[in-house]
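So the structure is just underneath, and the comments pick up after that.
Throughout, read-outs are computed from the coordinates displayed, never taken from laboratory work. Worth saying up front: this structure is predicted, and the values here are computed from it rather than measured. For neighbour counting, all protein chains shown are included, and Cβ atoms are generated from backbone atoms with ideal geometry for every residue, glycine included.
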Amino acid sequence: MNNSRYTKWALGVAVAVLGITAVSCDDQPDKFEMTGGVPTIKYVRVTTPESGDSLITGAYMENTICLVGDNLRSIHEMYFNDQKAILNTSLITDHTLIVDVPKNIPEDVTDKIYMHTRDGEIVTYDFNVLVPGPAVRSISCEWTKPGNEATIYGDYFIDDPNKPLKITFSGNVELPYENIKKITKTAITFEVPENWTEGYMNVTTLYGTSRSSFKFHDTTNILFDWDGNNGGLATGHGWRGGVIHQDGDDEGVEALDGGYLFFSADLSGEAGATWAEDGFSFNYWPDASGEFGPLSSRPEFADLISDYGVDGLQIKFEMCIPASNPWSSCAMQIIFTGDDAVTYDTANNTYISDENVPRGLYNPWKAVGSYDTGGNWTTVSMPLSQFTFKPDGGVCGNKLNQNMLTGLTFFVWSGGVSGTDCTPVILLDNIRVVPVE
């Protein structure tokens, strides 16, 4: 009797659970189901809450929009001009459809949205896909010489037959169109003309004009140019003033402008095992005589520190690494030093390994295992706000400040990442500190 009662009770519970489960599976009012028929679009609006009532007739690529209408669940595929959009069924109801405008530039511009239904019908709606003006972000080498090729990087570089892409240097000096060798959406390769001018560059397309964030052949606050041609110092000042080479000294390398700094030595063993100051470093230490004063007291540098602060500045330099001698071990330690760390009169190298002296670490080989520039010059940029490291790559407890900008040391050593033994050749020129772009 008891067993029967428990069996009946268990059976009742099981039936109840099955009933609840059945209801739960069927009771999904938000489950997406494609409908038949055709959609109707009443209007298109933006999706931000503060502008939800703003109706639009066009939008930039990759912007999110909301189509409002009826029977929108009948849409199987959607195209903006000839570019297919990605539909998310979680964002589609009978009356609204949220979608991103495709990121690719249309080739066949019709200014329409094409909505394909499950049954093969196509419904159109007038809508303009807006293409942004060009964005000019960087250049392969800011100091590329006339006759050599440089590449501008950015986005939306559109070369239209009716309005060809145009590059102009400062002073409205226009680059001959035949000097442009290759154009993609994100890069332009061109040959530098003889009549280039120093300063910002402009790129113009049929969608607008954009000014570069960098200056071409920028001579702003050059601290070291290794020959004095551009206002910088021709040598360091310390135990190691730097090994200076001239054009023609290194086979396969064309100097940017006269002298340049030459680094090379064997790097072997674990990270930090090789200490090769003679081959891989230069120092600048101010002296009490005043002949070699603090770097931060140079008028242009002092004005930049005052106007932008340390975190608003970056160090830039041009670098060349021949393919024959790639770099695959240790970091380039870039160390600004204050008088409390080192001067010419208190000469020492202990600050290099001092964990309390913040520095920037540059090791482009780390991500790829080995790095070279193919014997071409490239521009390197490092914000001073990122000079936060200890020699081994850990975070330094001290922050770089303007009192630490009197001296400067470059040294390839340590960095905390084990690489592979190598004998790199690293050439440097036009070391400068300029505002962050």
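At-a-glance table
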{"quantity": "Sites THR48 and ASN325, calculated FRET efficiency, Cβ-Cβ separation with R0 60 Å, nearest 0.05", "calculated": "0.65"}
{"quantity": "Pairs of alpha carbons in the stretch 135-216 whose separation is greater than 21 Å (percent)", "calculated": "14"}
{"quantity": "Cα-derived Rg over Rh, computed across the stretch 40-130 with Rh taken as Kirkwood radius", "calculated": "0.93"}
{"quantity": "Rounded to 10°, Cα long-axis angle of helix 299-308 versus longest principal axis of the chain", "calculated": "20"}
{"quantity": "Violating pairs (Cα-Cα greater than 27 angstrom) within the set LYS366/LYS390; LYS215/LYS390; LYS181/LYS215; LYS84/LYS366; LYS185/LYS215", "calculated": "LYS215/LYS390; LYS84/LYS366"}
{"quantity": "Anchor LYS31: aspartates and glutamates whose Cα lies under 13 Å away (excluding residues fewer than 8 positions away in-chain)", "calculated": "ASP94"}
{"quantity": "Point-to-point label distance, LEU87-VAL417, nm (Cα→Cβ direction, 7 Å offset)", "calculated": "4.5"}
{"quantity": "Option label - volume of the Cα convex hull per residue in Å³ computed here, alternatives (i) 263; (ii) 222; (iii) 157", "calculated": "(i)"}
{"quantity": "Between helix 2-26 and the chain: long-axis angle, C-alpha atoms, 0 to 90°, nearest 10", "calculated": "70"}
{"quantity": "Set of aspartates and glutamates with alpha-carbon distance to LYS112 below 12 Å, sequence-local pairs under 8 removed", "calculated": "ASP82, ASP126"}
